[in-house]
Amino acid sequence: MIDEMCPGLERKFCRLGEEITVRDGALIEGYASVFGKCDQGGDVVECGAYGRSLTALETAGRRVKMLWQHDPAQPIGVWDEVREDEKGLYVKGRILTDVDKGREALALIEAGAIDGLSIGYRTVRARKDDKGRRLLSELELWEVSLVTFPMLPDARVGAKAEAPEADGDLLRDLAAAIEDARRSLVSGSSG
């Protein structure tokens, strides 16, 4: 796993919502991290925390990786644009539908079963505030993953994936089956 190869690698989750959209079949864009918001682990990412890391990646000709559930053996696409703005860490990329997990990811997003993004990073500089929160001022960004359980609930996605015509019916059927199974589980556990 990536943790064994890269000691000290941490993860932050961000719920997909209005902040993330999927369009044109496999294009995904939105915010993987929102500045100034305290996550469920008590961390706050400060504005500018990714700047040095993004510059170093660009200088080296490398990209932030798009993974499935932080698994380095399961890349599912490419991030074509990763940048900071006043709101947070904006990402824009393509989920690859030629990859099995990429097709699954699109179906799960469309069904509402996957609603999170998570960053994999190493802390370079941080400090505690008077409330005990960790303020992250510099991070080394490694990857942004699509995940099931986000840690930062403030960013959400209203995603609707449009599948290519040849695969559209299959993906819609898969998404409907997943949604039906989710509903059955929810209604079964509340009864």
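The values are calculated or read from the model by the stated rules, or taken from the named source; none is laboratory data. In this text, all values refer to a predicted model and were calculated from it rather than measured experimentally. Don't worry about glycine lacking a Cβ; one is built from the backbone with ideal geometry, like all the others, and counts go over all protein chains shown. With ligands, DNA and RNA removed, areas are computed over all heavy atoms of the protein, side chains included. Shrake-Rupley method; radii C 1.70, N 1.55, O 1.52, S 1.80 Å.
Below is a table of values for the structure above.
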| item | result |
| --- | --- |
| Residue-span extension gain [residue 131 to residue 148] - 0.36 nm each, minus C-alpha spacing | 3.2 nm |
| Rounded FRET efficiency, nearest 0.05, which uses the C-beta distance separating residue 113 from residue 81 and R0 of 30 Å | 0.70 |
| Segment residue 90-residue 54, length gained on full extension (0.36 nm per residue, minus Cα span) | 11.8 nm |
| Dipole magnitude (debye, nearest 20) for the stretch 37-111, charges at Cβ of Lys, Arg, Asp, Glu | 200 debye |
| Furthest towards positive pole of dipole, 146, 136, 121, structure part the stretch 106-148, Cβ charges | 136 |
| FRET efficiency, 1/(1 + (r/R0)^6) with R0 22 Å, evaluated for residue 10 and residue 69 via beta carbons | 0.90 |
| Set 37/128; 65/128; 37/101; 65/131 screened for pairs whose C-alpha atoms are more than 26 Å apart | 65/128; 37/101; 65/131 |
| Computed accessible area, residue 58, all protein chains, 1.4 angstrom probe, square angstrom | 150 Å² |
| Carbon/sulfur fraction of accessible area - the stretch 43-148, other protein chains in place, 1.4 Å, % | 47 percent |
